Protein chains: 2
Amino acid sequence: MKVRFEPFGVEIEAQAGQKLLDAALEAGVHINASCGGEGVCGKCRVIVEQGVVDGGLSEKISPEDTAAGVRLACQSAINEDVIVRVPVESALDKAGLKALAAGAAQTATLIGAEDLKEQGRFEPALAKVTVSAEPPTLEDNRNDVARLLAALKEAGESHFVFDFEAIRDLPEAWREVDWQVTTTIMRPVDLAKGRNHVIRVEPGDTSGRNLAVAIDLGTTTIWAQLIDLHSGEILGTEGDFNAQIGYGEDVISRIVYAGKPGGLKRLQEAAAGSVNDVLKALARRTKVELSEISLATMAGNTTMTQLFLGVEPKYLRMEPYVPSAAYYPPVKASDFGLSLPDHVSTLIFPAVASYVGGDVVAGIMGVGMHTDERLTLFIDLGTNGEVVVGNKDWMACAAASAGPAFEGGGIKFGMRASKGAIENFSVDPFSAEPAIITVGRTKPKGICGSGLIAMVASLLMAGIIDQRGKFKLEHPSDRLRQGEDGPEYVIAWAENTAIDRDITLTEVDVDNLMRAKGAMYAAYMTLLEGVGLTIHDLERVILAGGFGQSINLERAILIGLMPELPLERFTFIGNGSLLGSRLVAMSNPLRAEVSGIVDQMTNFELSVAPGYMDNYTGSLFLPHTEANTLFPEVYQRLAEAQAALKAAG
Amino acid sequence: MKVRFEPFGVEIEAQAGQKLLDAALEAGVHINASCGGEGVCGKCRVIVEQGVVDGGLSEKISPEDTAAGVRLACQSAINEDVIVRVPVESALDKAGLKALAAGAAQTATLIGAEDLKEQGRFEPALAKVTVSAEPPTLEDNRNDVARLLAALKEAGESHFVFDFEAIRDLPEAWREVDWQVTTTIMRPVDLAKGRNHVIRVEPGDTSGRNLAVAIDLGTTTIWAQLIDLHSGEILGTEGDFNAQIGYGEDVISRIVYAGKPGGLKRLQEAAAGSVNDVLKALARRTKVELSEISLATMAGNTTMTQLFLGVEPKYLRMEPYVPSAAYYPPVKASDFGLSLPDHVSTLIFPAVASYVGGDVVAGIMGVGMHTDERLTLFIDLGTNGEVVVGNKDWMACAAASAGPAFEGGGIKFGMRASKGAIENFSVDPFSAEPAIITVGRTKPKGICGSGLIAMVASLLMAGIIDQRGKFKLEHPSDRLRQGEDGPEYVIAWAENTAIDRDITLTEVDVDNLMRAKGAMYAAYMTLLEGVGLTIHDLERVILAGGFGQSINLERAILIGLMPELPLERFTFIGNGSLLGSRLVAMSNPLRAEVSGIVDQMTNFELSVAPGYMDNYTGSLFLPHTEANTLFPEVYQRLAEAQAALKAAG
């Protein structure tokens, strides 16, 4: 039977009983689905315009919407030809997200090839060496490899082992271009312990092209950079959604999906497919053939890494949260479905713990936290919240169970920072009328993380919500009302939106945000307290991650998400995962330091860390129950604003 | 169109234009074909009993035979349904060859596990170590690999790297049998330079089964032994033909075939298929599953090694005879089509030169020539003739271009030592009537190597051929006659044979044998002269190879194939390739010595070696032009025999 997805006009042949969500994935149509098809999140709303599906009803859909054909795609089974419309808020918006995220990716240039060269540490893991030899004679008929080794020795290279494929290709390579070959050499981290691996031989001189690709394997997006290993130049950067999104928006729902029959394999293929899409775009943009790439480096969180490698992820989610491994050996890119030549290895960043992964390690390496004397707080605010505290002598890390609020998860009208997302907001304390700015400056569809923070901060300063996050329903504006989920504030009336429904911020939303930011702040405090330090000792705060990029620091401090410190102590690095991934391709000395970072880091499971629960409870307040000491300036401003309101009111 | 092969009753659907030989190979019917389908050797005679084929005519087929439907299978194109009979002399005789060769394989037990244990060198390359651990807790949620490393350290094991697949399987393995796993560890040759590779993890305790398979990849036959790496016990030995035979009997014709489109791939698959057949037979015989095997070792000549690995072999054949490599890294058995689990590596014996391969290195290692003070001559008389001279301080080697005469090649009625082959012979000098003994004691089909040596030796002593190899046609017996190929001796009249034709020995055959043995003897002399030594300095002669096994030493000395030395200085080792292959699986110290052997050996290309041509010319005589000094005893016996004949005549 046929299913057509509008407004895309994509039609596919579906099997009887197949779920609409599955059919959409198969058709390459993205439908937001946060919960991995469990029917819990209610995000995968579609409108069945023609024909009838089985099921798909939910209490998350109002009676009017149900009558209008709205169903949950993950719960609707196909039994006849249908035409289905994917409403704007359920579809991914590539253009919008990419425009935004591109900024984040590009900021990840904190350290460049020039810096490495200055430090004498520009030593790519991969080298191409071209050598020539005299042709063999009956008096000197050494084997082809021996001849190559002798030529390499003359060129100052030694300590070799050959990959089988290089040996296999060598006889023809030597003879094709008059006894000149180019060897592609993968350097060991340490030549005293390892050996130079000849991974490829090519006829003639191909040493001009020495390319690597650095990959950031994110839960939501995948980014890749093409690097010229001769110059260190970044030839291009591309990104795209991780197609795994179709199977669940966060790592937990992906792990759940991986547990279904064939689930792990599908997730692996989805990730590899998305990486390939990015690589292809990158190749097109930079006019390079994928076959010219000789090395890949990859950083991702622990779940993304295990899913990409097809390693059972369920123990990451089950207490006591055990990853399969910290370190993986270099793996053959093509073994995992990447469209790269067979000789290309992928260097994978090691993980510290189930929820402190290679992306964090890459970021730490990228900013050089492990070599810096200053006491630094490293915060990665992406789909998950990871926190590292320390300096060159010690590092403590933890995953904050912040939940997905910063990316729109658990927020009634939450969405990612794509087109139509409210990203900035202010409110007039007297009329309660808002000013809103959306991504792409279009009619609003929902609220993204930065918008949420702006709202709560503004509404707090305006006294429309109090420090406990409760709404002041007695406010005269009709924007404040009792909604079906409790008290709420109407941000945009239906007629002004792109979704024809009132967009509101509910007390439940605020509560979710408070839990999220509270979890983060409690993590900072707990890690610092563990070594007898306090927030005031922090000399530097590094903000990594796509969301970190778009944060308004003052507001983030106001609500207690960021510690109250002088703004100049904060640094945004954007995509730290991509930064580290690129650096490791360009610098074997840095690559050598990676395992040191992992060994140096102590991971704390916050749920059992002493003091954490107290810190968390104290943080469930705007900005904090101890605002007078931890947030003295915010404390002061709030007091002044309340006084002003009282004076005016 | 249909082709039926009799007497096997095998029928297949062939394509128009397909050659009969190709169709036979496809049908699994073996037809001897020495020249790889070039139409040169004339061995692939078949009788077209019904229907007509295109071509297949040859001057090698007599007009009578042509009229009777005899054609060359390699030259006959199929154009309609045909029934083809494969005559006995054109078919392989599995049972006969296996019976014979089994002896050769089994003698390869010169050194056993007990000897290695006595020497403290029983250290298999592969170990299985079972460890247990406490389950993880929130306080100790190290990753699964870290937990395993800690447990292995407690068990006294360190210096590890993990294969990806072992990491992948570990989470489930740990949890399946209550936190007990068995790791399969591949030891490096030297732990100071390499690391212990964890190639597999299994739940629970599977350490009881630690199996390796040693493989001798011969040009004609493939042998394998299953070894218990705990005890060193040989659990079984099996052999079979190398199915590559269908594409040519010797290495040269295989290399030629490899140059045809798809040829190399087909040869690779044929070799892998034959190894698999042997492995399956071995598994069946020993009641072991192939999935229980964890290691493979393999020795073969340089051509067989390159063909098995799919490495272009043509430069082995083209002057200046350059192999691709001496050493190959351990390769994944399953990558090359072997029916072994994915984690199984194959250790491949290194080659010295194009015609001194891993089989010779394995034999040298097996007999310990590289550690022995005695000046030793090592002779591998298989399909090719390889010669090594030296002791623990130095070794020189060469390939003698002996040609395939010892295995029946280039001999009019030559055949391998299978059922019906004349393997022993004597002649009455007066009547010229022979006594013949065949393999399997059946009617003769042809002459194998040992029979050929026996004939030439007997006929020489009887004065029926002279020291130049010329036939005494004036002998009154009608067994001596002028045949179509010149002078010949009728060994068996048609009615007494299994092939209904007179079986003869021609002067051309004798000439071919003289060239073959001359090439061998000239090789011994040239290598010895190169270091200022002579035949008389030899303290030991080691004879390896299937043919070496069946040789009658006195006769081999009589015709000048073997040097004249006291018989007690000769040792037969049978299948040295299999011997070395097995030892290397059982002893890492021996494995470490292998590269020393290769580096120690100097290869001589005899065609350009000083003195070789003189030595060769001198050897084209029975036994030698300098018989009085090099073969004083033979010289004496021949003189006595001639005197006796003269006295009687």
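The values are calculated or read from the model by the stated rules, or taken from the named source; none is laboratory data. Computed from a prediction, not measured in an experiment: that's the story for all the values here. Quick reminder, even Gly has a Cβ in these numbers, built from the backbone with ideal geometry, and neighbours come from all protein chains shown.
The table below gives the values:
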item: Every residue from the range A:435-450 that is crowded, with 23+ Cβ neighbours inside 10 Å and not polar (S, T, N, Q); result: A:V439, A:P444, A:K445, A:G446, A:I447, A:C448, A:G449
item: Where a residue in the range B:262-289 is surrounded by 15 or more Cβ atoms within 10 Å (Cβ to Cβ) and its partner, wherever it lies, is in a helix (DSSP H, G or I) and small (G, A, S), with Cβ under 6 Å and at least six apart; result: B:L264/B:A258; B:L267/B:A258; B:A270/B:A243; B:G273/B:A243; B:S274/B:A243
item: Every residue from the range A:599-649 that is surrounded by fewer than 16 Cβ atoms within 10 Å (Cβ to Cβ) and small (G, A, S); result: A:S607, A:G611, A:A639, A:A641, A:A643, A:A644, A:A647, A:A648, A:G649
item: Among the candidates B:G560, B:G530, B:G576, residue that is more than 30 Å from B:G120 (Cβ to Cβ) and in contact with a strand residue (DSSP E or B) (Cβ under 7 Å, 6 or more places away or on another chain); result: B:G530
item: Which numbered condition A:I542 misses (of (1) touching a strand residue (DSSP E or B) at 6+ places or on another chain (Cβ under 8 Å); (2) modelled with pLDDT of 95 or more; (3) not small (G, A, S)); result: (2)
item: Counted residues, the range B:437-452 - those being outside any helix (DSSP H, G or I) and without any contact (Cβ under 8 Å) to a residue 24 or more places away in the chain; result: 2
item: Some residue of the range B:396-408 being without any contact (Cβ under 8 Å) to a residue 60 or more places away in the chain and closer than 25 Å to B:D240 by Cβ; result: yes
item: Subset of the range A:386-416 that is assigned to a loop (DSSP other than H, G, I, E, B), among the small types (G, A, S) and over 13 Å from A:I453 (Cα atoms) - its residue that is modelled with the highest pLDDT; result: A:G410
item: Qualifying residue in the range A:285-298 (condition: within 11 Å of chain B (Cβ to nearest Cβ) and part of a helix (DSSP H, G or I)); result: no
item: Per-region count, the range B:309-333, residues surrounded by fewer than 23 Cβ atoms within 10 Å (Cβ to Cβ) and part of a helix (DSSP H, G or I); result: 2
item: Odd one out for A:R582, checked against (1) buried (at least 21 other Cβ atoms within 10 Å of the Cβ); (2) assigned to a loop (DSSP other than H, G, I, E, B); result: (2)
item: Lone unmet requirement of (1) touching a strand residue (DSSP E or B) at 6+ places or on another chain (Cβ under 8 Å); (2) crowded, with 21+ Cβ neighbours inside 10 Å; (3) not in a strand (DSSP E or B) for A:V508; result: (2)
item: Any hit, the range B:256-263, residues being outside the structural domain of B:M586 (by TED's automatic domain parsing), closer than 30 Å to B:L116 by Cβ and not hydroxyl-bearing (S, T, Y); result: no
item: Condition met for A:V541 (outside any helix (DSSP H, G or I) and closer than 30 Å to A:R121 by Cα); result: yes
item: Evaluation of A:M304 against (1) surrounded by fewer than 18 Cβ atoms within 10 Å (Cβ to Cβ); (2) modelled with pLDDT of 95 or more (one fails), failing number; result: (1)
item: Scope the range B:601-612; condition at pLDDT below 95 and assigned to a helix (DSSP H, G or I); matching residues; result: B:L606, B:S607, B:V608
item: Set A:D178, A:D205, A:D216: member being away from chain B (no Cβ under 14 Å), of a type in the set (D, E, K, R) and crowded, with 20+ Cβ neighbours inside 10 Å; result: A:D216
item: Failed criterion for B:L282 (all others in (1) farther than 23 Å from B:T184 by Cα; (2) in a helix (DSSP H, G or I) hold); result: (1)
item: Selection within the range B:350-364 - more than 9 Å from chain A (Cβ to nearest Cβ) and of a type in the set (S, T, Y); result: B:Y355
item: Residue within the range A:183-191 that is under 30 Å from A:L590 (Cβ atoms), within 11 Å of chain B (Cβ to nearest Cβ), in contact with a helix residue (DSSP H, G or I) (Cβ under 6 Å, 6 or more places away or on another chain) and not small (G, A, S) present; result: no
item: Strands (runs of 3 or more DSSP E) contained entirely in the range A:111-225, each with at least 1 residues that are of a type in the set (D, E, K, R); result: A:126-132, A:196-203, A:211-217
item: Residue count for the range B:147-171, restricted to those that are within 39 Å of the chain's Cα centre (by Cα), more than 7 Å from chain A (Cβ to nearest Cβ) and among the hydrophobic types (A, V, I, L, M, F, W, C); result: 2
item: Subset of the range A:122-150 [touching a residue at least 12 places away in the same chain (Cβ under 8 Å), surrounded by fewer than 20 Cβ atoms within 10 Å (Cβ to Cβ) and not hydroxyl-bearing (S, T, Y)]; result: A:E123, A:A127, A:V129, A:A133, A:E134, A:P135, A:A150
item: Breaking point among (1) of a type in the set (G, A, S); (2) at the interface with another protein chain (Cβ under 9 Å from one of its Cβ atoms); (3) touching a residue at least 24 places away in the same chain (Cβ under 8 Å), for A:S324; result: (3)
item: Selection within the range B:474-522 - under 30 Å from B:M613 (Cβ atoms) and over 32 Å from the mean Cα position of the chain (by Cα); result: B:G486, B:P487
